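Asks: I have a structure I would like to understand better, so I am pasting it below and will then ask my questions one at a time.
The values are calculated or read from the model by the stated rules, or taken from the named source; none is laboratory data. Note that the structure is predicted; figures quoted are calculated from it, not measured. Glycine also receives a Cβ, built like all others from the backbone with ideal geometry; neighbour counts cover every protein chain displayed.
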Amino acid sequence: MRYNRHIILSEIGQKGQDKISNAKVLVIGAGGLGCPVLQYLAAAGVGKIGIIDFDVVELSNLQRQVLFGTSSLGKNKALAAKERMEDLNNGINIHAYPEALTYQNAIELFQQYDIIVDGSDNFETRYLVNDACILAGKPLVFGAIYKFEGQVSVFNFNDGPSYRCLFPNPPKKDAVPNCSEIGVLGVLPGIIGSMQANEVLKLILGLGDVLSGELLCYNALKSEISTLKINKNEAVIQTVSKEKDSFRDNKILIECASDVQIISISEITFNESIQFIDVREPHEQPKVEGLSIDSIPLNQLKNNLDKIDRTKKKVIFCQSGKRSKSAAQILSELDFKNCFSLIVGANTLNNYLKEQQTTISNEG
Amino acid sequence: MRYNRHIILSEIGQKGQDKISNAKVLVIGAGGLGCPVLQYLAAAGVGKIGIIDFDVVELSNLQRQVLFGTSSLGKNKALAAKERMEDLNNGINIHAYPEALTYQNAIELFQQYDIIVDGSDNFETRYLVNDACILAGKPLVFGAIYKFEGQVSVFNFNDGPSYRCLFPNPPKKDAVPNCSEIGVLGVLPGIIGSMQANEVLKLILGLGDVLSGELLCYNALKSEISTLKINKNEAVIQTVSKEKDSFRDNKILIECASDVQIISISEITFNESIQFIDVREPHEQPKVEGLSIDSIPLNQLKNNLDKIDRTKKKVIFCQSGKRSKSAAQILSELDFKNCFSLIVGANTLNNYLKEQQTTISNEG
Amino acid sequence: MQITIKYFGQIAEVTQKEAEQLEVSKGKISELLNILNSKYDGLKHKDFQIAQNQELVTKETVLTGQEIALLPPFSGG
Amino acid sequence: MQITIKYFGQIAEVTQKEAEQLEVSKGKISELLNILNSKYDGLKHKDFQIAQNQELVTKETVLTGQEIALLPPFSGG
């Protein structure tokens with residue numbers, strides 16, 4: 001019933017729908033590309049879907065990351081995506097990994113899936129994903145965007161070329177904008193991500209021409225596709241394969257979500273999905289009221305790391321904004337993500353919360 | 001903050017984002033095409049978005065209609081879409097019209113918007129939308145799908161061609177499959193609908209090459225676009241314009257959601273968004289327990305039309321399934337949509353509900 | 001002359017192929033359609049438009065192009 | 001011979017155009033790149049691959065094609 005519109009297609013049928021139900025697909029990143037990939041794979045009934053993303057939902061994501069909403073702000077993206085997808089399709093298994101993809105966890109994770117989809121937003125992760133796909137022997141559905149243009153391809157499929165056959169090495173630092181420094185037309189990842197989901201379904205179904213050995217280049221301003229042929233570069237793939245044993249020794253060097261970030265009060269969404277941390281000494285006044293707060297003085301921070309919630313966005317404050325910045329710095333160096341230092345002190349925060357309370361009472 | 005990734009693009013900037021905020025876009029149909037159009041326009045911040053759809057969310061829609069979920073089953077699509085979009089972007093105005101587009105309401109409705117997007121699923125509505133756009137002087141962003149292929153174009157823009165310049169008249173009955181009789185690859189409307197949203201944004205921003213005078217043909221199996229040139233056929237447009245005065249006298253003859261439908265118990269989602277109507281006489285036994293039911297005997301039906309909820313899916317039952325079918329027929333002839341006649345009688349329904357109740361108690 | 005004919009949507013289902021090469025003599029597009037109608041059962045019952053070298057044309061247009069496409073309307077949404 | 005050069009992404013931002021026609025003499029693609037590098041300031045600091053007639057090639061490939069494309073990697077997601 002749910003999949004009727006697939007089943008009545010002679011090219012798919014019940015047999016094809018069963019293939020979809022039995023498929024296991026891992027999506028790297030629940031961002032601009034990941035959202036449409038995830039929603040269409042979930043809707044199509046892919047039986048097991050993995051989502052790995054360490055990042056939390058920010059207001060500026062909502063311009064294009066359509067699985068989220070105001071209610072997801074501050075939540076981990078993998079967890080928030082899973083929540084929305086479970087409403088879309090309650091008959092599939094969704095696994096959320098609220099952590100960073102690393103050289104240490106990639107291969108083992110990839111081995112649990114049939115197809116890997118790259119929706120990441122930086123070169124370092126893209127090369128890590130490509131190389132781990134070579135080592136784990138998994139096909140990779142690649143998508144990437146820049147302003148008004150996008151690229152789609154299928155790598156490492158049926159002895160075909162890999163991403164390194166197209167671009168052998170990551171670009172020189174600063175030669176190509178990385179991460180979220182650049183703008184993007186919001187609907188562009190919708191088009192490119194949906195095209196990635198289409199390639200995934202074609203791979204699962206063994207249907208049509210898969211973009212293996214081809215790079216699709218889409219231009220949203222011209223509504224045009226150019227498709228370029230890519231040849232396999234055996235030497236480049238061999239180099240990756242040879243370094244299999246030392247693969248886990250590599251370390252991700254650049255990360256896109258800058259770890260020490262400053263946040264203003266107006267940017268905070270006050271809800272349960274944020275952990276508020278007061279790094280002042282216990283005697284310092286005023287106490288902040290009306291929020292659930294974990295009190296961890298700065299000099300006790302390293303002894304209390306178990307109190308830090310890795311799945312949540314963390315907003316740290318102190319008396320002036322100085323100690324909170326140090327605390328955010330320390331946590332980020334210890335590999336905690338999404339630590340924000342509040343730009344103002346506890347006094348201002350307290351006044352703000354009181355005002356909000358008054359407004360709500362008056363409205364009530 | 002929310003639109004930062006648009007604003008930092010020199011091609012858009014704050015000026016462009018302001019244009020998006022001031023734009024008014026009406027989307028016909030919140031189905032396979034409408035869902036991605038609506039979510040990307042809402043995310044982009046289009047200031048006023050209208051959604052017209054008389055239909056309710058069915059299980060078989062969830063294979064591709066990604067604005068909905070299990071929680072939307074049985075609800076009107078326009079209202080359910082609005083609910084989800086309000087979470088995605090609470091800073092825009094969303095107007096839901098839970099009714100059919102007709103020759104009587106089209107022109108007045110179109111006049112309240114700048115751009116019309118066609119996401120309907122039958123030829124009759126498509127020609128109605130095209131002609132109303134000509135008469136109201138509004139550009140039309142067209143999209144249509146068939147199995148693994150899609151078409152996108154912009155009609156009636158800047159003195160360009162209309163849909164009738166491409167296909168002057170609706171096809172002969174039965175020559176081309178209409179409505180939902182045919183299957184469709186679930187992700188296809190995701191690609192085509194996102195491309196429609198892209199054309200809308202280009203129109204609003206005055207950016208890039210709009211698909212006016214061109215028909216984009218996309219093939220999902222080949223991941224290919226062919227673009228064909230369409231010339232304006234002045235005579236065909238004149239014919240539409242000349243019939244302006246009699247436009248409102250036309251009547252939609254075919255509707256896609258067949259109005260009298262039979263439903264089995266297992267297809268029913270028992271929740272608040274369904275109106276259950278018992279058309280038996282008051283003395284008939286057994287009474288159905290555990291559901292909110294409106295009792296309207298068949299011979300009283302026409303005098304109690306105000307009790308029928310137009311925004312909900314209606315499940316009608318009686319003792320055997322015969323009177324409920326007549327009731328559904330009567331309501332559909334009176335232009336009530338989404339009336340389902342329960343295939344079994346009250347006794348079977350009652351037993352089913354009791355079993356469900358026992359199961360839940362045992363699980364608890 | 002040699003032309004490539006492309007079939008879209010339902011038309012490709014009738015012809016059982018998405019494209020083919022044909023050797024035809026010069027003339028109007030309607031003459032090419034006669035050949036195709038006799039070759040493919042059921043084609044004449046289908047609604048479609050014709051494009052020559054990526055531009056919509058009528059049956060009366062003279063065949064000059066390297067590429068002809070038969071394009072049916074789609075109603076799905 | 002006359003060739004069309006297409007620029008993608010960041011490269012189009014350096015050249016300030018998406019395509020152009022150039023009259024060049026036969027030779028390797030590296031020779032064409034020398035011309036482009038002297039024509040467009042900043043191009044030599046960019047990373048890109050080259051396609052000739054829709055197929056990825058190296059700088060050492062002999063220029064035979066009607067169409068050359070300069071293709072940078074994208075990282076965005």
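Asks: Taking the stated definitions as given, is A:Lys322 of a type outside the set (A, V, I, L, M, F, W, C), buried (at least 21 other Cβ atoms within 10 Å of the Cβ) and within 18 Å of A:Gln261 (Cβ to Cβ)?
Replies: no
Asks: Same structure again: Within segment B:161-174, identify whether any single residue is in the same structural domain as B:Ile28 (by TED's automatic domain parsing) and within 16 Å of the chain's Cα centre (by Cα), and answer yes or no.
Replies: If we filter segment B:161-174 for residues that are in the same structural domain as B:Ile28 (by TED's automatic domain parsing), which is where we start, we get B:161-174.
Keeping just the survivors that are within 16 Å of the chain's Cα centre (by Cα) gives none.
Checking segment B:161-174: not a single residue is in the same structural domain as B:Ile28 (by TED's automatic domain parsing) and within 16 Å of the chain's Cα centre (by Cα).
Asks: Can I ask one more? Search segment B:86-143 for residues being assigned to a strand (DSSP E or B) and more than 21 Å from B:Glu214 (Cβ to Cβ), and hand back the single one that is nearest to the other protein chains (Cβ to nearest Cβ).
Replies: Ranking the qualifying residues of segment B:86-143, first place goes to B:Ile94.
Asks: Please go through segment C:30-68 and give me each residue that is aliphatic (A, V, I, L, M) and in contact with a helix residue (DSSP H, G or I) (Cβ under 9 Å, 6 or more places away or on another chain), ordered by number.
Replies: Let us first name the residues in segment C:30-68 that are aliphatic (A, V, I, L, M), namely C:32-33, C:35-36, C:43, C:50-51, C:56-57, C:62-63, C:68.
Selection gives C:Leu33, C:Leu36, C:Leu43, C:Ile50, C:Leu56, C:Val57, C:Val62, C:Leu63, C:Ile68.
Asks: Looking at A:Leu301, is it modelled with pLDDT of 85 or more, buried (at least 17 other Cβ atoms within 10 Å of the Cβ), touching a Leu at 6+ places or on another chain (Cβ under 9 Å) and under 19 Å from A:Ser266 (Cβ atoms)?
Replies: Spelling it out, it is not the case that A:Leu301 is modelled with pLDDT of 85 or more, buried (at least 17 other Cβ atoms within 10 Å of the Cβ), touching a Leu at 6+ places or on another chain (Cβ under 9 Å) and under 19 Å from A:Ser266 (Cβ atoms).
Asks: Determine whether segment A:35-45 contains at least one residue that is outside any helix (DSSP H, G or I), more than 9 Å from chain B (Cβ to nearest Cβ) and under 15 Å from the mean Cα position of the chain (by Cα). First the steps, then the outcome.
Replies: If we filter segment A:35-45 for residues that are outside any helix (DSSP H, G or I), which is where we start, we get A:45.
With the extra rule that they be more than 9 Å from chain B (Cβ to nearest Cβ), the set shrinks to none.
Looking through segment A:35-45, none of the residues is outside any helix (DSSP H, G or I), more than 9 Å from chain B (Cβ to nearest Cβ) and under 15 Å from the mean Cα position of the chain (by Cα).
Asks: Out of the residues in segment A:1-33 meeting the condition of being in contact with a Lys or Arg (Cβ under 8 Å, 6 or more places away or on another chain) and outside any loop (DSSP other than H, G, I, E, B), tell me which one is farthest from the other protein chains (Cβ to nearest Cβ).
Replies: Going through the qualifying residues, I end up with A:Lys24.
Asks: A further question on this structure: Can you tell me how many residues in segment A:200-232 are in contact with a Pro (Cβ under 7 Å, 6 or more places away or on another chain) and either surrounded by fewer than 19 Cβ atoms within 10 Å (Cβ to Cβ) or small (Gly, Ala, Ser) (or both)?
Replies: 3
Asks: So, in segment A:308-336, how many residues would count as being charged (D, E, K, R) and touching a helix residue (DSSP H, G or I) at 6+ places or on another chain (Cβ under 9 Å)?
Replies: Selection size over segment A:308-336: 2.
Asks: Still on this model: Out of segment D:1-39, which residues are among the aliphatic types (A, V, I, L, M), within 14 Å of chain A (Cβ to nearest Cβ) and in contact with a strand residue (DSSP E or B) (Cβ under 7 Å, 6 or more places away or on another chain)?
Replies: Hits for segment D:1-39 are D:Ile5, D:Ile11, D:Ala19.
Asks: Tell me, yes or no, whether segment A:205-216 has at least one residue that is in contact with a Gly (Cβ under 9 Å, 6 or more places away or on another chain), within 30 Å of B:Val37 (Cβ to Cβ) and hydroxyl-bearing (Ser, Thr, Tyr).
Replies: no
Asks: Here is a follow-up. With the requirement that a residue be of a type in the set (Ser, Thr, Tyr) and in contact with a Leu (Cβ under 8 Å, 6 or more places away or on another chain), what does segment B:60-94 give you?
Replies: Within segment B:60-94, B:Thr70 is the sole residue that qualifies.
Asks: Conditions first: (1) at the interface with another protein chain (Cβ under 7 Å from one of its Cβ atoms); (2) buried (at least 18 other Cβ atoms within 10 Å of the Cβ). B:Ile237 passes all but one, so which condition is the exception?
Replies: Exception for B:Ile237: condition (1).
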